[in-house]
Amino acid sequence: MAGGGFSDDKGGKRSHLYEYKITGYFIFACVVAAMGGSLFGYDLGVSGGVTSMDDFLKEFFPKVYRRKHAHLKETDYCKYDNQILTLFTSSLYFAALVSTFGASHVTRNKGRRASILCGAVSFFLGAILNAFAKNIAMLIVGRCLLGVGIGFGNQAVPLYLSEMAPAKVRGAVNQLFQLTTCLGILIANFINYATDKIHPWGWRLSLGLATVPATVMFVGGLFLPETPNSLVEQGKLQEARQVLEKIRGTTKVDAEFADLKDASDAARAIKDPFRNLLKRKNRPQLVIAALGIPAFQQLTGMNSILFYAPVIFQSLGFGSGASLYSSAITSGALVLATFISMAFVDKFGRRAFFLEAGVEMICVLVAVAVTLALKFGEGEELPKGIGIFLVVIICIFVVAYGRSWGPLGWLVPSELFPLETRSAGQSMVVCVNMIFTALIAQCFLVSLCHLKYGIFLLFAGLIFIMSCFIFFLLPETKQVPIEEIYLLWQNHWFWKRYCTPEGNERGLDAKSLPPI
């Protein structure tokens, strides 16, 4: 269960007294809240497919349409190099990074549920505007409203899931967010495959159907309970205990509730959580959770593949229908990988998944780069065997990412922040994530044009760097209650120089935690 970084002489040693059952009420709350991921996933999947549709390009980007058909069955890295076209995708993420700071205020003062509802409303309005767009300006404004919805949803949902979950299953529960994201991508790809055959307005249907997950999220959100952590933070102690008893399926919640109150007392003493995040004692959370992991998650290159899978496959010579079908296969692999991660992340741990998948992703990217360097040249037609090989190894890459940086990029940061900086910290996570998402979205196609196969070698090098970052700086957090995470820093070879042993002064012992 979520808590803070401070405790009295009993707090932090009470976690062994926590009791829980997996109740239907708990499952309902987590599944409905996790629908926030479907907003993010549906947009990831649908935007890349729409930008490869002829009807969409003819209406808004006729130059790109003509260039595409001049090289329809050929390898052409520059086929879709158009900054306004990429702005259609990246504008959403620029809006999301700005909105997440407003989301932080709502999440901290009004609760996680309020942010989820705000995100659903904004996303719904953006989907309507995009579906009826008559010019590029309407498209961009609609994308910005979608971005505000994603900013609120991505800020609140990972926190909600981590705070609702018992420590022993927190990893699997938090990854419901990644699962619904992946399902959203998969569904969007199949919708694109179907609407590509509806002329001339199929792309409008693809964009407009984003209202469906937004509606489900809003209606379900009306029935969501607020997290006990947030209720305690708002001073609603009796209601917080009732919710805690209901989601745990037991009245024996004294120890957990006491830790929540201790964490809330510490949180109330913090007037400016963003400034507090910059303090020396919070340096590990700032470097790892707020900056490192959300930036590196995008620098794997995975979202470039998700954004532009249809575009990439068409650039490499696939026809329109074949490219959409191939991207649907890759998104299906992502769903499979998420189930693998949910099943085993609380058994094998976060670090093992990060490091093993990192090696696999590097090997795949090098293989892609070598294949393109040897087999492709400007204007050449794509051999069928090479095309199948590329789809297969991209699926391998997707499975590796889908059980590591994809879900863990949201899970691990949500575990690391104490309650007093949690909403501010999660805002930083979303902001940094969206900055790099927008930059990658805006720069990928021009980089593909100029670097050609070298872009995949660049991503391989970045994954090597981020794997080293995880190996040296991230302690293992599996099955450690969130209110005891801060003790890990005091027992870490590098971070202990920054973290004063406040807990030990109160009788706590970092050595009682699992070895790092």
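The values are calculated or read from the model by the stated rules, or taken from the named source; none is laboratory data. Because the structure is a prediction, the values reported are computed rather than measured. A quick note on method: Cβ atoms are made from the backbone with ideal geometry, for glycine too, and the neighbour counts reach across all protein chains shown. What goes into the accessible areas is simple: the full protein's heavy atoms, side chains included, and nothing from ligands, DNA or RNA. Shrake-Rupley method; radii C 1.70, N 1.55, O 1.52, S 1.80 Å.
See the values below:
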| item | result |
| --- | --- |
| Some residue of segment 192-215 being open to solvent by less than 20 Å² (accessible area, probe 1.4 Å), at pLDDT 90 or above and either in contact with a His (Cβ under 7 Å, 6 or more places away or on another chain) or assigned to a loop (DSSP other than H, G, I, E, B) (or both) | yes |
| Any pair with Cβ under 8 angstrom, 6 or more apart, that starts in segment 152-178 at a residue that is crowded, with 24+ Cβ neighbours inside 10 Å and ends at one that is charged (D, E, K, R) and not in a helix (DSSP H, G or I) | G171/K478 |
| Test result for A188, buried (at least 23 other Cβ atoms within 10 Å of the Cβ), in contact with a Ser or Thr (Cβ under 8 Å, 6 or more places away or on another chain), within 30 Å of L260 (Cα to Cα) and small (G, A, S) | no |
| Qualifying residue in segment 431-445 (condition: β-branched (V, I, T), at pLDDT 85 or above and either buried (at least 23 other Cβ atoms within 10 Å of the Cβ) or farther than 30 Å from V157 by Cβ (or both)) | yes |
| Which listed residue is modelled with pLDDT of 95 or more, in a helix (DSSP H, G or I) and among the β-branched types (V, I, T), from I128, I116 | I128 |
| Qualifying positions in segment 266-314 - in a helix (DSSP H, G or I), of a type in the set (D, E, K, R) and at pLDDT below 75 | R268 |
| Test: residue in segment 477-485 that is at pLDDT 85 or above and open to solvent by 20 Å² or more (accessible area, probe 1.4 Å) | yes |
| Failed item in (1) within 28 Å of A96 (Cα to Cα); (2) surrounded by fewer than 23 Cβ atoms within 10 Å (Cβ to Cβ); (3) hydrophobic (A, V, I, L, M, F, W, C); (4) at pLDDT 80 or above, with F472 passing the rest | (1) |
| Residue under evaluation V32, criteria (1) modelled with pLDDT of 85 or more; (2) open to solvent by less than 10 Å² (accessible area, probe 1.4 Å), criterion not met | (2) |
| Selected residue [open to solvent by 10 Å² or more (accessible area, probe 1.4 Å), farther than 12 Å from S38 by Cα and of a type outside the set (S, T, Y)] from A133, A127, A114 | A114 |
| Every pair of residues 6+ apart whose Cβ atoms lie under 6 Å, when the first sits in segment 438-454 and is outside any helix (DSSP H, G or I) while the second is at pLDDT 80 or above and surrounded by 18 or more Cβ atoms within 10 Å (Cβ to Cβ) | Y453/A369 |
| Where R241 falls short, out of the listed (1) surrounded by fewer than 24 Cβ atoms within 10 Å (Cβ to Cβ); (2) at pLDDT below 90 | (2) |
| Complete set of residues in segment 110-132 that are without any contact (Cβ under 8 Å) to a residue 40 or more places away in the chain and either out of contact with any helix residue (DSSP H, G or I) (no Cβ under 6 Å at 6 or more places or on another chain) or of a type in the set (S, T, N, Q) (or both) | K110, S122 |
| Qualifying positions in segment 14-44 - outside any helix (DSSP H, G or I) and either closer than 23 Å to M217 by Cβ or within 28 Å of the chain's Cα centre (by Cα) (or both) | Y20, K21, I22, T23, M35 |
| Close pairs (7 angstrom Cβ cut-off, 6 or more residues apart or separate chains): under 19 Å from Q442 (Cα atoms) in segment 47-60, surrounded by fewer than 24 Cβ atoms within 10 Å (Cβ to Cβ) and polar (S, T, N, Q) anywhere | S52/S320 |
| In segment 45-92, residue farthest from N192 (Cα to Cα) [restricted to those that are at pLDDT 80 or above and of a type in the set (S, T, N, Q)] | S91 |
| Selection count, segment 169-224, where residues are hydroxyl-bearing (S, T, Y) and touching a Lys or Arg at 6+ places or on another chain (Cβ under 9 Å) | 1 |
